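Since the structure comes first, as structure tokens, the remarks are kept for the end.
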Amino acid sequence: MPLDVGRMSGYLLLADISGYTKFLTGTELEHSHAIVTELTKLIRSRLVPPMRFVKLEGDAVFCFAGSDEFPDGEQVLELVESCYFDFTSRLLDMTRSTTCTCDACRAIGGLGLKFIVHFGEFMVDRDDDGRVDLAGPEVILAHRLLKNTVIESGGPKAYAFMSAKCFREPKQFELPAHSESYESFGEVTGYIQDLADVADRRRDAQRVRVSVDEADVYRRRILPVPPSVVWQYWLRPGRRFECPITLLDTVMVFTPNEQGRLGPGASSHCAHGDVGDAFREYLDWRPYEYFTCRFTPAGPNPLFMVSWIETHAFEDLGDGRTEQISTVRCIDRSEASMALFEPIRQGMEAREANGDPSTPGPHGAAVEAGAEVSDVADTPTP
């Protein structure tokens, strides 16, 4: 989508590799440069889109997004957490797989990553070569925030420092507060997220995922956008959140988990009007890989009479497209329950066979935008 130049309100993000200078100056240049280049490419690929890349500033990736790209800072924080998780996973892979004994390859584990996110107004401009650049006091402040006292004041080494302006509505979740003072800007208040702690909890969390082999019905689709964008369409307030197996239009209301976030323990309620409601409890949450939830009929006149587990996975095809796979498995495997589930399964297949353009989530949004979506497989398991 073409980017308009001029005044914009939105998010400014800097992803800064910590230990960068020591790593480059204290190790073999050829290997250290190749390692940092691979890591910065990874960071950029995990942030863009939905962020827009501005430039690489030494050891930092500078990106931005308009205010309409994210409903609130929580979704930006989720993007940051996912990027950090993939960054540390790549570090682990590089450390385990290398057989090189040079100083650079042995020092990979000493690299880290921190994020600065600020919200405000700025000017978007293009140079003669079409490259984007940003200007304005808020851009200067975002860069000043890189020089902070988070670690010196006892904060985590791997962190996201998000200014209070990022949260345009009151937060439902708690993060440690932190403030800095800068000449010409005064005191800047924000919040700190310990990214290493989030990554550790994600690695330790139990995986709950319905595979294609064990599903009672499943669907594959190719979407013309990367997983990060697909994820935003599925979960963004104001968008229709109807999973591909839903039979009717719904209104969905989310209830956060104990931490005030969307994730394991969160739930959502689908209102189908007079035909019944449905309740979903989120069991596994892996942005932007997949999520799994338990579907339970609700209300006095439930639309369905059985419960199931459903997984919605988003596979990055590496060319700007996503393979979305939705799998459903009935929980009660008794003969009576499977008999009740059979017309539901047939209804799911019929909806797909008819190519219903109202199929929601990112598919529906893509259709509304005129993008081409191709079904590559819609086959129930035997």
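Before moving on, here are some points about what is shown:
- Residue ID - farthest from Ile17 (Cα to Cα), chosen from residues in segment 105-123 that are touching a Ser or Thr at 6+ places or on another chain (Cβ under 6 Å) and either in a strand (DSSP E or B) or of a type in the set (Lys, Arg) (or both): Glu121
- Residue within segment 127-134 that is among the acidic types (Asp, Glu), in contact with a His (Cβ under 9 Å, 6 or more places away or on another chain), surrounded by fewer than 15 Cβ atoms within 10 Å (Cβ to Cβ) and at pLDDT below 80 present: no
- Of residues in segment 171-195 being surrounded by fewer than 16 Cβ atoms within 10 Å (Cβ to Cβ) and in contact with a Ser or Thr (Cβ under 8 Å, 6 or more places away or on another chain), the one farthest from Asp86 (Cα to Cα): Glu187
- Test result for Glu138, within 21 Å of Gly73 (Cα to Cα) and part of a helix (DSSP H, G or I): yes
- Val229 vs. criteria of a type in the set (A, V, I, L, M), buried (at least 20 other Cβ atoms within 10 Å of the Cβ), assigned to a loop (DSSP other than H, G, I, E, B) and modelled with pLDDT of 50 or more: no
- Filter result for Arg209 (in the same structural domain as Arg286 (by TED's automatic domain parsing) and surrounded by 19 or more Cβ atoms within 10 Å (Cβ to Cβ)): no
- Residue that is farthest from Asp72 (Cα to Cα) [pool: residues in segment 155-197 that are acidic (Asp, Glu) and free of Cβ contacts under 8 Å to residues at least 24 places away in the same chain]: Glu183
- Evaluation of Lys165 against (1) of a type outside the set (Asp, Glu); (2) within 30 Å of Ser326 (Cα to Cα); (3) not in a strand (DSSP E or B) (one fails), failing number: (2)
- Selection count where residues are acidic (Asp, Glu) and either in contact with an Asp or Glu (Cβ under 8 Å, 6 or more places away or on another chain) or closer than 21 Å to Met162 by Cα (or both), scope segment 112-131: 3
- Failed item in (1) in a strand (DSSP E or B); (2) touching a residue at least 40 places away in the same chain (Cβ under 8 Å); (3) not charged (D, E, K, R), with Leu56 passing the rest: (2)
The values are calculated or read from the model by the stated rules, or taken from the named source; none is laboratory data. This structure is a prediction, so every number in the text was calculated from the model and none was measured. In this analysis, Cβ positions are derived from the backbone assuming ideal geometry, glycine residues included, and neighbour counts consider all displayed protein chains.
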